[in-house]
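The structure appears right after this line, and notes come after that.
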Amino acid sequence: FCISSEGWILTNAHVVKKPGIEKIRFQSWDLDPEVKIEVIFSGRSERRPSEIKAKIEEDGDDMALLKIEPFEGMPVIGELDLSDRELVQGAEVRLFGFPLGRNLLGDKEGEKLVASVFSGIVSRKVDRYFQIQSAVYPGNSGGPVVDENGRVLALWTTKRKAEQAAERYQKAERGEKR
């Protein structure tokens, strides 16, 4: 989702990872190969080239920052401000995404795509993560979670493995940091 009129896009790192492409080993570094990423906005069919500017996919973090050339009519969810995002249990939220992402996006050049909208309820917050009760499917990853005012609260990810989530929960319960 686009977070600024300058063309900055926030998503999950695993969303921009091409399946089957391995890291390149160079001396003591594991490097990501350059991959071509195209962005398609909901309700549109044009594929816009983007550049991966930053990516983190470790220790529970799963984010990527992309940059596209801004264009007239570019949908922007709003300037991102995560400084004040207190959520209480029971708060209603909306989640946006493309369920079954790659299966639907495939090679259907020229076809308009429309994002799905899901309603959810905040079940709890553990550490810096929210547990949200909602029907969500693979492909929603990287979409925004917004409050009733349309303010972005979080970045949705469905990739987290149950063991990792349980381990983080147990650490939080014991009062341990990440």
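The values are calculated or read from the model by the stated rules, or taken from the named source; none is laboratory data. Since this is a predicted model, take the numbers as computed values, not measurements. Note: ideal-geometry Cβ built from the backbone for every residue, glycine included; neighbour counts use all protein chains shown. Surface accessibility is based on the protein's heavy atoms, side chains included, excluding ligands, DNA and RNA. Shrake-Rupley method; radii C 1.70, N 1.55, O 1.52, S 1.80 Å.
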Residues that are touching a residue at least 60 places away in the same chain (Cβ under 8 Å) and either open to solvent by less than 20 Å² (accessible area, probe 1.4 Å) or outside any loop (DSSP other than H, G, I, E, B) (or both), drawn from region 111-128
113
Go through 97, 73, 143 for me and flag whichever is exposed (fewer than 10 other Cβ atoms within 10 Å of the Cβ), modelled with pLDDT of 65 or more and either within 16 Å of the chain's Cα centre (by Cα) or over 17 Å from residue 10 (Cα atoms) (or both).
73
In region 50-64, residue nearest to residue 140 (Cα to Cα) [restricted to those that are open to solvent by less than 50 Å² (accessible area, probe 1.4 Å) and at pLDDT 85 or above]:
64
Given the conditions (1) more than 21 Å from residue 122 (Cα to Cα); (2) touching a Pro at 6+ places or on another chain (Cβ under 6 Å); (3) modelled with pLDDT of 80 or more; (4) of a type outside the set (D, E, K, R), which single one is not true for residue 24?
(3)
Would you mind stating whether residue 102 is outside any loop (DSSP other than H, G, I, E, B) and modelled with pLDDT under 85?
yes
Of the conditions (1) within 28 Å of residue 129 (Cα to Cα); (2) loosely packed, with under 11 Cβ neighbours inside 10 Å; (3) modelled with pLDDT under 85, residue 90 clears all except one; give me its number.
(3)
